[in-house]
Amino acid sequence: MWGLRSAPQKLVDASGFGWKHLEDRSESSAAMVTAYVAAQRSAPDDVLPTVARVAEKLLADSANRGLVAELVEDFQNLASHGLEQLRTAQEIRTALGPRTLDLWDEVELFWTDVAHWRRGTGEPMRHNADILSVENEALRTQVWTSNRSLGDGTRVGLPEAVLFERAGGEPISSRGPA
């Protein structure tokens with residue numbers, strides 16, 4: 001049965017969310033929903049370890065690297081918000097396998113570079129209070145996984161990542177093994 005499902009479907013199924021309930025079946029949506037479900041403290045105890053095992057297994061095929069990088073990025077962004085209902089970065093890292101941990105470090109370095117670059121532009125940083133107060137769960141899933149809270153109450157997100165890459169910053173895809 002493992003071989004009959006797509007990589008995004010395997011991730012979503014591992015979270016217990018259910019592939020049939022996912023309206024947008026893109027890799028990005030699959031990673032986002034999987035990370036959001038697995039990072040919740042209210043999720044059953046086996047969800048995060050199951051997702052981590054599937055991610056590690058998917059990384060055996062280099063074609064799945066982008067999907068798992070998105071999952072890791074979403075996990076990191078969720079953990080960065082420091083919210084009580086979400087697992088911490090350390091709790092998530094503890095569940096991950098060695099290949100996924102290597103990817104975690106690459107993604108972390110990318111976002112550190114984005115934040116450093118963004119601060120260096122001299123433009124005012126966006127605050128994270130607006131995204132942390134979102135009440136609609138569907139919208140919250142999107143904004144919490146696409147933005148990273150920084151220690152000073154500001155944030156960086158996808159717009160900054162795109163601008164960083166356009167300014168010559170090294171994208172995640174070129175940082176690790178193909």
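The values are calculated or read from the model by the stated rules, or taken from the named source; none is laboratory data. Everything numeric in this text was worked out from a predicted model, so none of it was measured. When we count neighbours, we look across all protein chains shown, and the Cβ atoms used for this are built from the backbone with ideal geometry, even at glycine. Accessible surface is based on the protein model in full, side chains and every heavy atom, while ligands, DNA and RNA are left aside. Shrake-Rupley method; radii C 1.70, N 1.55, O 1.52, S 1.80 Å.
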In whole Hz and in residue order, list the ³J(HN,Hα) couplings for the stretch 82-91 that follow from phi through the Karplus curve 6.51 cos²θ - 1.76 cosθ + 1.60, θ = phi - 60°; x for Gly and Pro. x, 8, 4, 7, 10, 5, 7, 4, 5, 4
Of the candidate values (i) 1.00; (ii) 1.10; (iii) 1.96, the one computed for Cα Rg over 2.2 N^0.38 Å from this structure is (i)
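Tell me, what is the per residue accessible area of the stretch 56-174 in Å², probe radius 1.4 Å?
Details: 5930 Å² over 119 residues.
For the stretch 56-174, the per-residue accessible area is 50 Å².
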Given 0.36 nm per residue, what is the gain on full extension from Asp61 to Arg5 after removing their alpha carbon distance, in nm? 18.7 nm
Counting other Cβ atoms within 10 Å of each Cβ, which GluC sites (Glu not before Pro) in the stretch 1-82 have at most 10 and sit in a DSSP loop? Glu23
Which is farthest toward the positive dipole end of the stretch 58-103 among Pro98, Phe75, Leu86, measuring Cα position about the Cα centre, with Cβ charges +1 (Lys, Arg) and -1 (Asp, Glu)? Pro98
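What percentage of the solvent-accessible surface of the chain, computed with a 1.4 Å probe over protein heavy atoms, is contributed by carbon and sulfur atoms? Each step should come with its number before you reach the end.
Numbers: 4770 of 8950 Å².
It is 53 percent, rounded to a whole number.
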Charges only on Cβ, +1 for Lys and Arg, -1 for Asp and Glu: so what's the dipole of the stretch 99-139 about the Cα centre, in debye to the nearest 20? 200 debye
Inter-probe distance in nm under a simple model that places probes 7 Å from Cα toward Cβ, at Val162 and Leu83: 2.3 nm
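What length, rounded to one decimal in nm, is gained on full extension from Ser26 through to Asp130, with 0.36 nm per residue of separation minus their alpha-carbon distance? Walk me through the intermediate numbers first.
Values: separation 104, 0.36 × 104 = 37.44 nm, distance 2.67 nm.
Here the answer is 34.8 nm.
How big is the dipole moment of the chain about its Cα centre under a simple scheme where the beta carbon of each Lys and Arg is +1, that of each Asp and Glu is -1, and everything else is neutral? Debye, nearest 20, please. List each step's numbers first, then the result.
Values: 19 positive and 26 negative charges, 43 e Å.
Approximately 200 debye in magnitude.
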For the stretch 80-154, which GluC sites (Glu not before Pro) are in a loop by DSSP, counting at most 12 other Cβ atoms within 10 Å? Glu84, Glu135
Applying the gyration tensor rule to the Cα atoms of the stretch 116-178 (axes a ≥ b ≥ c; rounded if a/c under 1.5, else prolate if a/b exceeds b/c, else oblate), the class is oblate
